[in-house]
Amino acid sequence: MKRSFLFSAALALVFTSAVLQCQQLTVQNGSGKQALLSRADLEALPHVKVATAEHSSAPVNFEGVTLKSVLEKAGVRFGESMKGKGLTNCLLIEAADGYRAVIALPELDPAFTDKQTLLVFLRDGKPLGENEGPYRVVIPDEKEWRYGSGR
């Protein structure tokens with residue numbers, strides 16, 4: 001099962017879920033250099049919890065990490081390096097079911113916004129279900145924040 005994220009600056013992220021819940025995230029830049037992040041690498045990042053209503057339902061508690069911290073762990077730079085052409089880079093999120101959404105990288109940078117975009121892996125304290133995991137992108141302040149599920 002694969003999920004991919006692509007940047008206009010030729011940077012790609014690929015989620016892979018293998019047997020025994022061994023989930024990895026591969027970040028590839030335009031020159032082909034790859035950074036591999038394991039589930040343990042992701043869980044070692046500072047966690048963020050959010051309670052938000054899902055499609056007009058009762059609040060759901062999600063836990064994960066900021067998408068910015070994941071990209072930084074893989075070598076993507078934010079802040080001062082995001083000047084000029086860097087402001088035009090974007091992230092294409094593609095779920096296994098073909099759903100796609102685009103996020104401009106400055107929308108992930110606290111220098112430009114207070115909004116947090118999360119890569120979540122827990123729902124109400126439990127791993128995401130088979131039909132939505134192993135990872136999911138959640139933007140709590142958006143009207144339709146569920147940008148990609150794991151399936």
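Bear in mind that the values in this text are calculations on the coordinates, not laboratory data. Predicted, not measured: the structure shown is a model, and the values here were computed from it. Please note: Cβ atoms are built from the backbone with ideal geometry, for glycine as well, and neighbour counts cover all protein chains shown.
Quick look at the numbers
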| read-out | value |
| --- | --- |
| Full-stretch length increase - residue 39, residue 53 - with 0.36 nm per residue and alpha-carbon distance subtracted | 2.4 nm |
| Under 20 Å from the Cα of residue 83 - aspartates and glutamates, other chains or at least 8 residues apart | 72, 107, 109, 114 |
| Ordering of 123-129, 59-65 by packing [mean C-beta count within 10 Å, highest first] | 59-65, 123-129 |
